[in-house]
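Asks: Take a look at this one; I'll ask things after.
The values are calculated or read from the model by the stated rules, or taken from the named source; none is laboratory data. Note that the structure is a prediction, hence the values are computed from the model and not measured. Glycine gets a Cβ as well: all are built from the backbone with ideal geometry, and neighbour counts include every protein chain shown. Quick note on the areas: whole protein, heavy atoms, side chains included, nothing else; ligands and nucleic acids left out. Shrake-Rupley method; radii C 1.70, N 1.55, O 1.52, S 1.80 Å.
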Amino acid sequence: MAAPWRDVVRDAAAVREAAAVAVDAALLAGGLMRTGEQPHASDVVNYAPFTLLPSAVPRALFEQAYAVQQDFNLLVDAISQNKEFLEQTLASTIKVDDFTARLFRIYMQVLEEGLAQTVFLGINRSDYMFDCGLDGTAALRQIEINTIAASFGGLTSRTADVHGLVLKVLGKTEEASHLLPNNPAKGLALGIAKAWELYGSQRAVVMFLVEEIQRNIFDQRCVENELWNRNIRVIRKRFRDVFEQGSLDASRRLYMDGQEVAVVYYREGYVPQNYNQQNWEARLLLERSRAVKCPDIATQLAGTKKVQQELSRPGTLEKLLPGHPEAISRMRATFAGLYSLDEGEEGDRIAATAIADPDRFVLKPQREGGGNNLYGEELRQVLEKIKDSPERTSYILMDKIKPQPALNYLLRAHSPLQVSECISELGIFGVYVRQGQELVLNQAAGHLLRTKAIEHADGGVAAGVAVLDTPYLV
């Protein structure tokens with residue numbers, strides 16, 4: 001892959017000047033996060049970490065990722081409506097993974113009662129890396145699909161202008177003009193607004209369900225402000241508030257503080273730490289309601305690693321999306337090798353292969369949010385420990401993707417300015433809205449490029465490992 005800034009990276013004086021300009025530009029643009037020391041205070045903020053220079057991304061792979069997003073939207077929606085597929089696929093996982101099991105129990109309970117929800121909203125992000133083959137050609141390989149609380153659609157819209165200014169300061173005005181505009185927050189808000197409109201009550205509000213600690217509040221505010229600009233009222237609540245103040249009427253309309261809620265947009269609820277007993281009760285109340293949940297619990301289950309692994313089996317996509325052969329071949333072209341660790345001969349063989357050659361693989365538990373995957377020696381130790389236990393079925397195994405590193409500077413508050421070997425991950429945001437059986441909206445909504453130093457195997461921006469970036473298409 002081309003390294004367009006090779007000359008710049010070695011010019012220490014130019015880099016120092018550009019970094020000072022970049023930090024001020026990021027603050028001016030609103031690329032902000034609350035600080036770890038004062039995570040509840042918006043009067044003590046710093047810039048969200050980002051790269052000094054935009055990273056090279058092969059144009060063909062970037063366009064491929066956009067072209068397949070509507071297919072993945074269609075697939076996630078189809079999975080969420082297929083009870084038999086979810087039951088069969090997650091059968092082994094729910095025996096050993098309590099978190100997935102509790103989500104699944106709520107899913108079954110809501111189905112048995114009968115769905116009150118008639119409008120469905122999906123906001124997902126499909127994440128990819130660029131796998132470098134032995135001959136040097138790069139291929140697009142999907143890491144995962146995030147179907148709940150996919151973040152940084154707001155802050156990423158701020159980075160292209162910052163990088164454009166940096167390139168101009170470095171004398172690369174022509175290159176700066178090639179950076180693509182990008183505003184996922186607008187696309188995400190469009191989906192939420194459409195769901196709100198179809199819900200059919202002008203007085204009803206959109207509820208952002210948020211975490212107790214909200215360092216990433218400005219990312220959420222970008223989406224929120226787009227909704228206020230459309231005169232859609234937004235409230236922010238935690239699970240605790242839902243437990244204390246939430247109620248359903250006879251038609252299962254959801255009320256918070258006497259306000260009817262049309263859409264519940266989850267920015268919380270994706271890891272076990274988000275739940276205690278009352279939070280589980282709050283989640284059940286929300287799922288039983290008529291409100292449009294983004295995601296509803298079936299769509300959250302559609303994003304589990306076990307489902308991802310099952311999709312790679314021959315014939316699975318054809319069963320889920322009959323009559324869509326082109327979409328299936330587009331999606332399949334992005335799949336990395338994925339392997340089941342279910343009990344039985346196949347799982348035994350895969351586990352033994354990974355223990356013998358751990359650097360070929362990544363071990364993934366059923367978790368969202370980055371920082372959970374296992375590599376190398378750690379992978380080997382964990383697999384050795386659980387290889388003869390049913391616990392291994394709560395993981396999947398994936399081929400390790402080997403991207404080509406490039407030099408860049410990762411700008412973080414209070415960190416020294418130093419060059420790093422970096423790799424990038426491209427996410428494409430997708431939005432769809434379904435009313436009954438009719439898909440009324442299905443589109444890609446923008447992109448997110450995150451970059452990290454090669455010594456950090458796993459983890460995203462919120463986890464403090466990756467930083468925001470802008471693709472420079474080559």
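Asks: Which ranges mark the strands (runs of 3 or more DSSP E) fully within the stretch 147-253 that have 3 or more residues being open to solvent by less than 20 Å² (accessible area, probe 1.4 Å) and closer than 13 Å to Y265 by Cα? Let's see the steps before the verdict.
Replies: Details: elements: 205-209, 234-237, 246-248.
Of the strands (runs of 3 or more DSSP E) lying wholly inside the stretch 147-253, those with at least 3 residues that are open to solvent by less than 20 Å² (accessible area, probe 1.4 Å) and closer than 13 Å to Y265 by Cα span 205-209.
Asks: For the stretch 1-54, how many residues are part of a helix (DSSP H, G or I), surrounded by 12 or more Cβ atoms within 10 Å (Cβ to Cβ) and touching a strand residue (DSSP E or B) at 6+ places or on another chain (Cβ under 8 Å)?
Replies: Selection size over the stretch 1-54: 7.
Asks: I'm trying to understand the selection: among the residues of the stretch 176-203, which are of a type outside the set (G, A, S) and more than 16 Å from L449 (Cβ to Cβ)?
Replies: Within the stretch 176-203, K186, L188, L190, I192, K194, W196, E197, L198, Y199, Q202, R203 qualify.
Asks: Select from the stretch 303-346 the residues that are charged (D, E, K, R) and in a loop (DSSP other than H, G, I, E, B) and write down the one among them that is nearest to the chain's Cα centre (by Cα). Can you show your working first?
Replies: First, pick out the residues of the stretch 303-346 that are charged (D, E, K, R): 305-306, 310, 313, 318-319, 326, 330, 332, 342-343, 345-346.
The next check asks that each one be in a loop (DSSP other than H, G, I, E, B); those that pass are 313, 342-343.
Working: R313: 23, D342: 26, E343: 29 Å.
Selected residue: R313.
Asks: Among the candidates A139, A91, which residue alone is closer than 19 Å to S394 by Cα and either in the same structural domain as R288 (by the TED database) or of a type in the set (V, I, T) (or both)? Step through it out loud before you land on a result.
Replies: Working: A139 fails: closer than 19 Å to S394 by Cα.
Testing whether each residue is closer than 19 Å to S394 by Cα and either in the same structural domain as R288 (by the TED database) or of a type in the set (V, I, T) (or both) leaves just A91.
Asks: If you go through the stretch 349-357 one residue at a time, do you hit one that is more than 23 Å from the chain's Cα centre (by Cα), modelled with pLDDT of 95 or more and outside any helix (DSSP H, G or I)?
Replies: Step one: filter the stretch 349-357 for residues more than 23 Å from the chain's Cα centre (by Cα), giving 349-357.
In the following step, the residues that additionally are modelled with pLDDT of 95 or more were identified as none.
Checked against the condition, which is being more than 23 Å from the chain's Cα centre (by Cα), modelled with pLDDT of 95 or more and outside any helix (DSSP H, G or I), the stretch 349-357 yields no hits at all.
Asks: Hey, any hits in the stretch 273-293 for a residue that's touching a Gly at 6+ places or on another chain (Cβ under 7 Å) and open to solvent by less than 20 Å² (accessible area, probe 1.4 Å)?
Replies: First pass over the stretch 273-293, keeping only residues touching a Gly at 6+ places or on another chain (Cβ under 7 Å): 282-283, 285.
When the remaining residues are screened for being open to solvent by less than 20 Å² (accessible area, probe 1.4 Å), the result is 282-283.
Yes, that holds for at least one residue.
Matching residues to (1) in a helix (DSSP H, G or I); (2) in contact with a Phe, Trp or Tyr (Cβ under 8 Å, 6 or more places away or on another chain); (3) surrounded by 15 or more Cβ atoms within 10 Å (Cβ to Cβ); (4) not assigned by the TED database to the domain that holds W196:
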{"residue": "Y107", "(1), (2), (3), (4)": "yes, no, yes, no"}
{"residue": "L121", "(1), (2), (3), (4)": "no, yes, yes, no"}
{"residue": "D131", "(1), (2), (3), (4)": "no, no, yes, no"}
{"residue": "I145", "(1), (2), (3), (4)": "no, yes, yes, no"}
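Asks: Name the residue, out of G164, G171, G154, that is in the same structural domain as D249 (by the TED database), of a type outside the set (A, V, I, L, M, F, W, C), touching a helix residue (DSSP H, G or I) at 6+ places or on another chain (Cβ under 9 Å) and at positive phi.
Replies: On the way: G164 fails: at positive phi; G154 fails: at positive phi.
Going through G164, G171, G154 in turn, just one is in the same structural domain as D249 (by the TED database), of a type outside the set (A, V, I, L, M, F, W, C), touching a helix residue (DSSP H, G or I) at 6+ places or on another chain (Cβ under 9 Å) and at positive phi: G171.
Asks: Within the stretch 59-98, can you find the residues that are part of a loop (DSSP other than H, G, I, E, B), at pLDDT 95 or above and crowded, with 20+ Cβ neighbours inside 10 Å?
Replies: Matches in the stretch 59-98: V68 only.
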